[in-house]
Structure formats: C-alpha cells, structure tokens
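Here the structure comes first, spelled out in structure tokens, and everything after it is commentary.
The values are calculated or read from the model by the stated rules, or taken from the named source; none is laboratory data. None of these values were measured; they are calculated from a predicted model. Neighbour counts are summed over all protein chains in view; Cβ atoms, including those assigned to glycine, are modelled from backbone coordinates with ideal geometry. In case anyone asks, the SASA skips ligands and DNA or RNA and just uses the protein heavy atoms, side chains included. Shrake-Rupley method; radii C 1.70, N 1.55, O 1.52, S 1.80 Å.
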Amino acid sequence: MPNLLAPHIPPCRAVVVGVNTTLRRIILWILNTVGIVVGFWALVGPREFRESFPGLGFAPWASEGPFNEHFVRDVGALYLALAAAGVVAALQRRADASVAVGVAWLVFSVPHLAFHLGHLDHLPLIDVIAQPIALATPIVLSIPLLFPARAIRTGITTDAELEQTR
C-alpha cells in the first residue's frame with residue numbers, strides 16, 4: 001500500500017531471512033559431512049566400505065548377500081550428490097535451497113530407515129540399537145530444514161531488496 005503522506009518513502013515490508021540461518025547452515029554442514037564421508041568411502045573403496053562400514057567394529061552389511069560393486073558405488077554417488085546439493089544450499093544461505101535439500105534427504109532416508117527396521121532380526125543387539133538411531137539422524141536433522149524462513153521487520157525495504165531474499 002503506498003504511503004500517501006510521504007510517497008517518496010517505500011512501504012515497510014517483512015524481510016524474509018533464514019529461520020535461524022545459522023541453524024540451517026549448521027544442519028546442512030552436518031548432513032554434508034555425512035554425505036561426503038559415506039559417499040567418498042563407498043565410491044572410492046567399495047569393497048572396504050562393504051566390509052567395514054560404518055566402522056568401529058560394526059559391519060551389518062556382512063549378512064546382506066554377495067558384494068555388488070555397482071550397487072555400492074551408486075550408493076556412494078547418491079550420498080555425494082546429497083552432499084553437493086547441501087554445499088550449494090549452505091553457501092547460498094537461502095531457505096528455499098535448504099528446503100529442497102531437506103526434502104531430498106527425507107526422500108532417501110525414510111525408506112532407507114524403513115528397510116533397515118524390517119531387517120534387524122539377524123543383527124547383534126548393538127546393531128539393533130545403533131542402526132535405527134544412526135539412520136534416523138538424517139531424518140531428524142532434515143525436518144527443521146523444511147520449515148519456512150522466519151519473517152522479521154527490518155524497517156523500510158524496497159521491493160528489489162525483498163526480491164533478493166527469496
């Protein structure tokens with residue numbers, strides 16, 4: 001609505017800034033780290049990944065059938081793709097970019113967790129406990145990325161400045 005008393009002053013608008021842009025970026029960098037570590041390991045050393053992932057004495061893949069290099073490398077590429085999108089989102093500092101990354105992590109992580117929850121019966125107790133926790137972590141981290149950016153009043157803002165925040 002134009003300011004009839006002072007038409008030379010642009011109207012006051014809410015400027016959209018990251019819901020806690022810092023929190024979004026921290027979550028993105030945690031997910032990026034997971035994606036880079038898992039992805040690089042699976043892509044570069046698929047057999048070693050299959051035999052020792054996630055490390056620390058855990059190796060739940062051992063009972064999942066024969067080694068399939070193509071599958072393991074594809075998993076590595078998927079994790080690296082998620083990390084690459086996350087890096088772009090973290091560097092852009094835009095809420096919409098982080099929403100897209102959050103959705104991508106959820107689309108991957110929810111069925112991934114669901115599969116593993118249905119296949120815990122052959123695992124040692126420590127894996128039965130640790131696996132769901134580890135696989136639910138990206139889901140829990142992704143959910144805050146889906147929330148819209150918080151709007152705050154910053155004073156007089158032009159339409160051009162507002163457009164830059166979208």
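Count Lys and Arg as plus one, Asp and Glu as minus one, and take only other residues whose Cβ is under 15 Å from that of residue 87; the net charge is then +4. Taking all protein chains as they are arranged and a probe of 1.4 Å, the heavy atoms of residue 74 leave approximately 80 Å² accessible to solvent.
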